[in-house]
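Take a look at the structure below.
Every number here is computed from the coordinates shown, using simple stated rules; none is lab data. What you see is a predicted model; the values in this text were computed from it and never measured. Counting neighbours? That spans all protein chains shown, and the Cβs are built from the backbone with ideal geometry, glycine included.
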């Protein structure tokens, strides 16, 4: 079976490609001509460059594929318009292109979304579920919710499945690298005086869950959280990391007002430079929330998902990879 995969040059997508290949699928990576292909070079994937701004170009790249797994997306942008274009416009064109080349043997369109579409949970004993009302609090979350709406609107024509991960970490990840670097230098950065609880999934657990959801007939037309079964605090993550790297690390509390001030300044500088800032005021609001947690009960029930990689094992593997590649 040929599976067309977007986002294969990125962190999560490259691991999804590896998992698909491991299970014997023929992987066709749809990439931009300017994409950095470091994670897919030297592997047995078919790599097709196409213009993601044109449905006709995407359709040509999809021809002959029996399924689509859509991982690509925009996590940082200069404006709401850029978020909407990268996460909604591209998804709409990909769906349109899929319908253009749809064959009778088409198996699945799986879309990778985010916990951000639902917003933070109200309390530790009330994690977000797939039935929770959607209350995104950032432009990113709003755009990913709109992308889900586009995918669900195609469910009468295509067999669709949506997977929502929470925070993701692991080998090849640059987003959580600054936290691990800080701990390696002896500091555990903690946001605010109250504990922040998160669901945190290792990228290989996520990739496995995505492919399991893709393969299951029970998941058609449904949405799932693929996450850790446990919830963690950043202090717990930091102390676990310190123990693994063999360093004494001191917790340093950064008040919410300082976080929001730095975030706003970072966003302003990014705007002046014409760059998409990784940290801006909206991201600042995101990281000061107390409960970014979700339940995996539906995924467990429908396709047997379980967290296989413990926090200790996941951090150990990640630190070892960072060290080997001289990122740490």
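Filter region 255-266 down to the residues that are closer than 23 Å to residue 237 by Cβ and exposed (fewer than 15 other Cβ atoms within 10 Å of the Cβ) and list them by number.
255, 258, 262
Can you name every residue in region 132-158 that is assigned to a loop (DSSP other than H, G, I, E, B) and either buried (at least 20 other Cβ atoms within 10 Å of the Cβ) or in contact with a helix residue (DSSP H, G or I) (Cβ under 9 Å, 6 or more places away or on another chain) (or both)?
134, 135, 136, 137, 138, 154, 157, 158
In region 53-131, which helices (runs of 4 or more DSSP H) lie fully inside it and hold 1 or more residues that are under 14 Å from residue 154 (Cβ atoms), out of contact with any helix residue (DSSP H, G or I) (no Cβ under 8 Å at 6 or more places or on another chain) and in contact (Cβ under 8 Å) with a residue 40 or more places away in the chain?
Those helices (runs of 4 or more DSSP H) span 90-100.
Identify all residues within region 285-328 that are touching a strand residue (DSSP E or B) at 6+ places or on another chain (Cβ under 9 Å), assigned to a helix (DSSP H, G or I) and within 16 Å of residue 191 (Cα to Cα); write none if there are none.
286, 287
Taking the conditions exactly as written (surrounded by fewer than 19 Cβ atoms within 10 Å (Cβ to Cβ), under 18 Å from the mean Cα position of the chain (by Cα) and not in a strand (DSSP E or B)), does residue 278 satisfy them or not?
Yes; evaluated as a whole, the condition is true for this residue.
Applying the selection to region 19-42, what residues are touching a helix residue (DSSP H, G or I) at 6+ places or on another chain (Cβ under 7 Å) and either in a loop (DSSP other than H, G, I, E, B) or surrounded by fewer than 19 Cβ atoms within 10 Å (Cβ to Cβ) (or both)?
Result: 23, 39, 40.
How many residues are in contact with a helix residue (DSSP H, G or I) (Cβ under 6 Å, 6 or more places away or on another chain) and surrounded by fewer than 15 Cβ atoms within 10 Å (Cβ to Cβ) if we restrict to region 285-311?
1
Hey, can you tell me all the residues within region 159-189 that are farther than 16 Å from residue 232 by Cβ and assigned to a helix (DSSP H, G or I)?
Passing the criteria: 177, 178, 181, 182, 184.
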